[in-house]
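The values are calculated or read from the model by the stated rules, or taken from the named source; none is laboratory data. Keep in mind it's a predicted model, so treat the numbers as computed, not measured. Here the Cβ positions follow ideal geometry from the backbone for every residue, glycine too, while neighbour counts run over all protein chains shown. Ligands, DNA and RNA are stripped out before the accessible areas are found, and what is left, the full protein with its side chains, is counted by its heavy atoms. Shrake-Rupley method; radii C 1.70, N 1.55, O 1.52, S 1.80 Å.
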Amino acid sequence: MASGDVQIGVIGSSPLAARGSRGVHLQLFWVLDDINQAEAMVVRNGFGINKPADLKGKKLGVPFASTTHFHTMFALELWGIKPSEIQILNMQPNQIAAAWERGDIDAAYVWDPALAKLKQSGKVLVTSGELSKKGKATFDGIAVERKWAEKNPDFMVKFVKVAADADAAYRSNPSAWTVDSVPVKANVKLTGADAKDVAPSVALYAYPSLEEQASATWLGGGGNGGVGKALKATAEFLKSQGKIDAVAPDYGKYVTSKYAEAAMKLK
């Protein structure tokens, strides 16, 4: 997101951490989604992998430097498994799906559509939602060029209110997303997805409420809030992978809850 080119844009937690580490002047002001169950580690049925320790000696495919790679390493840390005790292979999602079909890998950490294909002959060992609750969230968000936002506060607050209302409508009645519904048709038009796949895909993510977003669970709390800490942890991971040169001392300045707090006061 370059100043003067794009003022507002959707960005994932990993690229946001990378840009913050390089001092780009942007702020995350809305969590579009908690990745939740949309990314998961799947293990092959019939290969004796029933618990984390059974991964030792097995082959696991994952796209390196991605949110799933970040959570793979975090999961291994939580489980007391050294990365050297399993064979971690750098594969893109389409390569993972093909390798799974050939029987070349025993496990993978990936997202749809590859994830759905793996689930047909495997079982989920852990999801990103479960790992996020352990303190290292992965998410997609909406960020803004900081100075532009400060010059347009009314727009920012109204934008957040619209997003919050849309999320609230979905959370209150997800069954309304039928194949012939307005939101599903809009998704099909924008993405080219099959209408029958839209609602199941959307349901894999979680959508924090306006109150949750404004709290320290997500946008609040500065560098000590949920997003601030998640960005620093992600940056530390990216540095370990050689993707960035340095980790910033504080990621709080790349997050703001003020527009969510103001939106809570709107009727």
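Laid out as a table, the results:
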read-out: Some residue of the range 128-151 being of a type in the set (A, V, I, L, M), modelled with pLDDT of 95 or more, more than 22 Å from V10 (Cα to Cα) and part of a strand (DSSP E or B); value: no
read-out: Exclusive hit being of a type in the set (S, T, Y) and exposed (fewer than 14 other Cβ atoms within 10 Å of the Cβ), set S121, S132; value: S121
read-out: A186, sole failed condition from (1) surrounded by 14 or more Cβ atoms within 10 Å (Cβ to Cβ); (2) closer than 24 Å to I8 by Cα; (3) out of contact with any Gly (no Cβ under 9 Å at 6 or more places or on another chain); (4) of a type in the set (A, V, I, L, M); value: (1)
read-out: Qualifying residue in the range 178-190 (condition: assigned to a loop (DSSP other than H, G, I, E, B) and within 19 Å of K133 (Cβ to Cβ)); value: no
read-out: Residue that is nearest to A260 (Cα to Cα) [pool: residues in the range 24-54 that are open to solvent by 60 Å² or more (accessible area, probe 1.4 Å) and part of a loop (DSSP other than H, G, I, E, B)]; value: H25
read-out: Qualifying residue in the range 78-86 (condition: surrounded by 19 or more Cβ atoms within 10 Å (Cβ to Cβ) and not in a loop (DSSP other than H, G, I, E, B)); value: no
read-out: Every residue from the range 92-115 that is surrounded by fewer than 16 Cβ atoms within 10 Å (Cβ to Cβ) and either at pLDDT below 95 or assigned to a strand (DSSP E or B) (or both); value: P113
read-out: Verdict on A199 being among the small types (G, A, S), open to solvent by 20 Å² or more (accessible area, probe 1.4 Å) and part of a helix (DSSP H, G or I); value: yes
read-out: Evaluation of L219 against (1) in a loop (DSSP other than H, G, I, E, B); (2) touching a residue at least 24 places away in the same chain (Cβ under 8 Å); (3) out of contact with any strand residue (DSSP E or B) (no Cβ under 8 Å at 6 or more places or on another chain) (one fails), failing number; value: (3)
read-out: Residue check, T178 open to solvent by less than 20 Å² (accessible area, probe 1.4 Å) and either over 20 Å from the mean Cα position of the chain (by Cα) or in contact (Cβ under 8 Å) with a residue 40 or more places away in the chain (or both); value: no
read-out: For N94: the one exception among (1) without any contact (Cβ under 8 Å) to a residue 24 or more places away in the chain; (2) within 28 Å of A163 (Cβ to Cβ); value: (2)
read-out: Some residue of the range 212-223 being out of contact with any Leu (no Cβ under 7 Å at 6 or more places or on another chain) and among the hydroxyl-bearing types (S, T, Y); value: yes
read-out: Any hit, the range 159-171, residues being in contact (Cβ under 8 Å) with a residue 24 or more places away in the chain and more than 26 Å from Q37 (Cα to Cα); value: yes
read-out: Residue count for the range 238-267, restricted to those that are assigned to a helix (DSSP H, G or I) and surrounded by fewer than 22 Cβ atoms within 10 Å (Cβ to Cβ); value: 8
read-out: Residues being open to solvent by less than 20 Å² (accessible area, probe 1.4 Å) and either in a helix (DSSP H, G or I) or more than 20 Å from S240 (Cβ to Cβ) (or both) - total across the range 12-23; value: 6
read-out: The listed residue being small (G, A, S), over 26 Å from A116 (Cβ atoms) and either open to solvent by less than 70 Å² (accessible area, probe 1.4 Å) or in contact with a Gly (Cβ under 9 Å, 6 or more places away or on another chain) (or both), out of A143, A193, A206, A166; value: A143
